[in-house]
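Read through the structure below, which is laid out as C-alpha cells, and then see the notes.
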Amino acid sequence: MHRDSVISIDMGGTKVLGCVVNSNEGIIARVKKPTDPASTRKKYVHQLAEVVYELIEKSHINREKIKAVCLGVPGTVNPDTGVIGIAPNLGLKNFNIKRMLEAEISFPVLIENDVNLGALGVKNFGVGKKAKNMLAVFVGTGIGGGLIFDDELYRGSSFEAGEIGHMLVKKNGPKCGCGNKGCFEAIASRTAIVNNIIKDIKSGKRSKLSKLVKSRERIKSKSLASAVKSGDKVVRKRINEGCDVIGGVLASISNLLNLDMIILGGGMIEAMDFYMLPLIKKSFSEHVMNNSAAGLKIVASKLGDDAAIFGGIALAEEFLGVMV
Ligand SMILES: [Zn+2]
C-alpha cells in the first residue's frame, strides 16, 4: 500500500516527465511522454490529464491517496490563480491552466515555475536541506535560478524573481533570447558556450567536436564532457571562460544577498561538475568581497531532472497544507 502522494509534472517543450512521489517512498512511478503544446489548449490539457491517469494506473495507487497535481511550467506563472503568464517554449500565454485541468481531473492542481520548483526540491529533499538562505542555479540551454530566503521560496512582487539568466553581464554583448543583449545566459549557458566552440572550429581550430559540427549535430553536455576529459583545448578554453563568468556573477549575488549555500545543477553541471565546480569556485573567490562569503558553500545538486518532481511535495504543503 502506497502512502499519500502528489503527482508532479515537469512540462517540457516537446515532452513531459510525470511522477507519483512522496517524501517517504520517493518516486514510485514515472511516465515520460511526448506532448504537443502547439495543438489547442484543450487538447494539450487533455494530454496532461492522460499522464495523470497513466501514472495512477502504473503506480497502482489508490486515487484517494493523490493529494495534488503539481505542474512545473517553463515560464512565468501566478501560483495563486493558476494562470500561466507566458511560456514561450509551450506557446502559451495568459492561460488559466489550473481551472481547465481541474475541470478534467478530480484533483487540486497547483502550478509553479519549473526552476522555482527545482529549487524547492533541492532545498527540501536534496543537498540544500541545511541551507536557510540559498540560490539554486541550473546551467543548460539557458540559465535559471531560484531563491530561498529564510527557508521559503522567494517569488518576488509579481512572481518573477530568480531570473538570474537575464542579469546584464556585458553591455552590448551577444544577443539573448529575451531580446536584450549581454545577458548572463547569452554568455555562459551551454548554448552560448557551444556557439563559441562552433565559431572556433569553423575558423580552423581543431577539436574532438569538429565532426559533430561538420555534420551539424546538436552538441549535448555529454559530448562537451567527454571532450573536456580528453583534454580538448578548444572546448576547455570556452568552458573555462563560461565558468569564470558564472563564478563572477555568483560572487556579485553573494555580495548582495549573503547566502549560506549556492547549489549548481542543470545539464552542463551534471555532466561535468568535476571540471566546472573547481573553476567556478576559483572565480567566485577571486570576485567575492573579503569574508562576506566565509560560511558559503557551493555544491552540485544530485537530483537531476527529479529536483522539480520533488519540489511538488513542498508546493502541496505550502498551498494546501498537505504533508505527503
Ligand atoms: Zn536575456
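The values are calculated or read from the model by the stated rules, or taken from the named source; none is laboratory data. Keep in mind that this is a model prediction, so the values were computed, not measured. Methodologically, a virtual Cβ is constructed for each residue, glycine included, from the backbone with ideal geometry; neighbour enumeration extends over all protein chains shown. Surface accessibility is based on the protein's heavy atoms, side chains included, excluding ligands, DNA and RNA. Shrake-Rupley method; radii C 1.70, N 1.55, O 1.52, S 1.80 Å.
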### Query
Taking a probe of 1.4 angstrom, what is the accessible area of residue 154 in Å², to the nearest 10?
100 Å²
## Note on the structure
Residue separation between residue 240 and residue 203 times 0.36 nm, minus their alpha-carbon distance, gives in nm 11.4 nm
### Summary
Links exceeding 20 Å between C-alpha atoms in this model, out of 202/233; 129/302; 170/202, come to 170/202
### Query
For residue 41 and residue 167, what is the calculated FRET efficiency with R₀ set at 22 Å and r taken between the beta-carbons, to the nearest 0.05?
0.10
### Whole-number percent relative contact order across the chain, with pairs defined as alpha carbons under 8 Å at least 6 apart
19 percent
### Message
I'd like to check one number: the per residue accessible area of region 91-176, probe 1.4 Å, reported in Å² as a whole number.
### Response
47 Å²
### Query
Cα centroid distance between region 289-309 and region 15-86, in Å?
27 Å
### Query
What list of whole percents do you get for P(r) of region 1-67, with Cα-Cα distances grouped in 5 Å bins up to the one holding the largest distance?
4, 19, 29, 21, 14, 9, 4, 1
### Message
Taking the full set of protein chains and a 1.4 angstrom probe, give the accessible area of residue 70 in square angstrom, rounded to the nearest 10.
### Response
0 Å²
### Query
Magnitude of the Cβ-charge dipole of region 77-133, K/R +1 and D/E -1, about the Cα centre, nearest 20 debye?
360 debye
### Query
Taking N as the number of residues in the chain, what value does Rg over Cα atoms divided by 2.2 N^0.38 Å take?
1.02
### Task
Could you work out how far helix 190-202 tilts from the main Cα principal axis of the chain, as a 0 to 90 degree angle to the nearest 10?
40 degrees
#### Entry: the chain: angle of helix 233-257 to the longest principal axis, Cα-based, in degrees nearest 10
60 degrees
### Summary
When the charge dipole of the chain is computed with +1 on Lys and Arg Cβ and -1 on Asp and Glu Cβ about the Cα centre, the Cα farthest towards its positive end, among 234, 296, 161, belongs to 234
### Per residue accessible area of region 224-324, 1.4 Å probe, in Å²
43 Å²
### CD proxy at 222 nm, helix term only [per DSSP H run n ≥ 4: -39500 (n - 2.57); per residue of the chain; nearest 500]
-13000 deg cm²/dmol
